[in-house]
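Visitor: Right, I'll just put the structure down here and ask away after.
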Amino acid sequence: MAPSDDNQQIYEDAGVIDIYKSAAPPQQAELNMFEPLNAELKAGRLLDIGIGAGRTTAYLFPKVGHYVGVDYSHGLVKAAQQIYPDAEILWCDARDMSDFKDASFDFVNFSFNGLDSLDHEGRLQVLAEVRRVLKPGGHWMFSSHNRDYYRRGLLPWQPPFKPGRVMLKKSAHAIISHKNWRRLRKEQVETPDYAFVNDEAHNYSLLHYYVTPQAQTKQLEEAGFTDIRVYDQWGTEFTGTSPKSVWLYYDSRRA
Ligand SMILES: C[S@@+](CC[C@H](N)C(=O)[O-])C[C@H]1O[C@@H](n2cnc3c(N)ncnc32)[C@H](O)[C@@H]1O
């Protein structure tokens, strides 16, 4: 099984699904990207990819002319459909969006680093599919782990331990995490352009794609996107590097 298929299985886990069911508000970067576009959103069609249990559905469904939410976890799609029965929520793997016509959306969103669950080949497939389903000039927004992050590569036994119950809980997590890390570390990939590496998410059970803003910008340009803007996790637009930000948000347009 390819490491990215392993990632897909994690999103079918009941415990992981429960985590995504707890409602969380929009992130500041999302508010900063979407709020100035309210008028365009109201008239437009938005495809929201990797919605989990629908965190972004809560925010975007009431805002847009037509909303479609998708995810490749059957368990998460079911959870989102139960929480948002009025929204159009479907199972779909973003690597193959043949259910959707060419140039049929004004906005495509893939929030909270969902794109990073995929390996390099899968990521390029998604970029090609997003370009295909977007209208010319349409927005492509997503977040991705930042390869410049100053604490990247923290190992399972490194988080600080505190006394008492917290320490016991953290020790249990450290044991599970260490087991996962030993299994997945062999699958890690580091290249000049990107890394696909095990990190602390869900007790070190996933491999995630990390990329610098410069390499991501080049990748977007090569895939047919333009007007690329980069925001740190607190929603501030920047150029150059942002080592304190664990992930970055990208807003771009289909050329
Ligand atoms: C980190 S979770 C974020 C969930 C949700 N967007 C949120 O902010 O709470 C990433 C999500 O992306 C989904 N995902 C990853 N790769 C996908 C793909 N190729 N197609 C569709 N969904 C995908 C996962 O199933 C998961 O629900």
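Visitor: Out of all the residues in region 60-80, is one or more within 10 Å of the ligand (Cβ to nearest atom), part of a helix (DSSP H, G or I) and polar (S, T, N, Q)?
Guide: From region 60-80, those within 10 Å of the ligand (Cβ to nearest atom) are 69-77, 79-80; that's our starting set.
Cutting the leftovers down to part of a helix (DSSP H, G or I) gives us 74-77, 79-80.
Those left that are additionally polar (S, T, N, Q): none.
Within region 60-80 (the criterion being within 10 Å of the ligand (Cβ to nearest atom), part of a helix (DSSP H, G or I) and polar (S, T, N, Q)), the answer is no, since none of the residues qualifies.
Visitor: Among (1) closer than 20 Å to Pro25 by Cα; (2) buried (at least 22 other Cβ atoms within 10 Å of the Cβ); (3) away from the ligand (no atom under 14 Å from the Cβ), there is one condition Thr56 misses while meeting the rest; what is its number?
Guide: So Thr56 meets the others, but not (3).
Visitor: Further question on the same structure: If I go through region 194-223 residue by residue, how many of them are acidic (Asp, Glu) and either assigned to a loop (DSSP other than H, G, I, E, B) or within 10 Å of Asn180 (Cα to Cα) (or both)? Break it down stepwise before answering.
Guide: Looking only at region 194-223, we keep the residues that are acidic (Asp, Glu), and these are 199-200, 221-222.
Checking the rest, the ones that are also either assigned to a loop (DSSP other than H, G, I, E, B) or within 10 Å of Asn180 (Cα to Cα) (or both) come to 199-200.
Number satisfying all stated conditions: 2.
Visitor: Would it be correct to say that Ala39 is part of a helix (DSSP H, G or I), farther than 21 Å from Val130 by Cβ, of a type in the set (A, V, I, L, M, F, W, C) and more than 14 Å from the ligand (Cβ to nearest atom)? Working first, answer last.
Guide: Numbers: part of a helix (DSSP H, G or I): yes; farther than 21 Å from Val130 by Cβ: yes; of a type in the set (A, V, I, L, M, F, W, C): yes; more than 14 Å from the ligand (Cβ to nearest atom): yes.
Judged against the criteria, Ala39 is a match.
Visitor: Still on this structure, I have one more. Please go through region 31-45 and give me each residue that is touching an Asp or Glu at 6+ places or on another chain (Cβ under 7 Å) and open to solvent by less than 20 Å² (accessible area, probe 1.4 Å), ordered by number.
Guide: Met33, Gly44, listed by residue number.
The values are calculated or read from the model by the stated rules, or taken from the named source; none is laboratory data. As the structure is a prediction and not an experimental result, all values here were calculated from the model. With ideal geometry, Cβ positions are generated from the backbone for all residues, glycine too; neighbour counts draw on all protein chains shown. Side chains included, ligands, DNA and RNA excluded: accessible areas come from the protein's heavy atoms. Shrake-Rupley method; radii C 1.70, N 1.55, O 1.52, S 1.80 Å.
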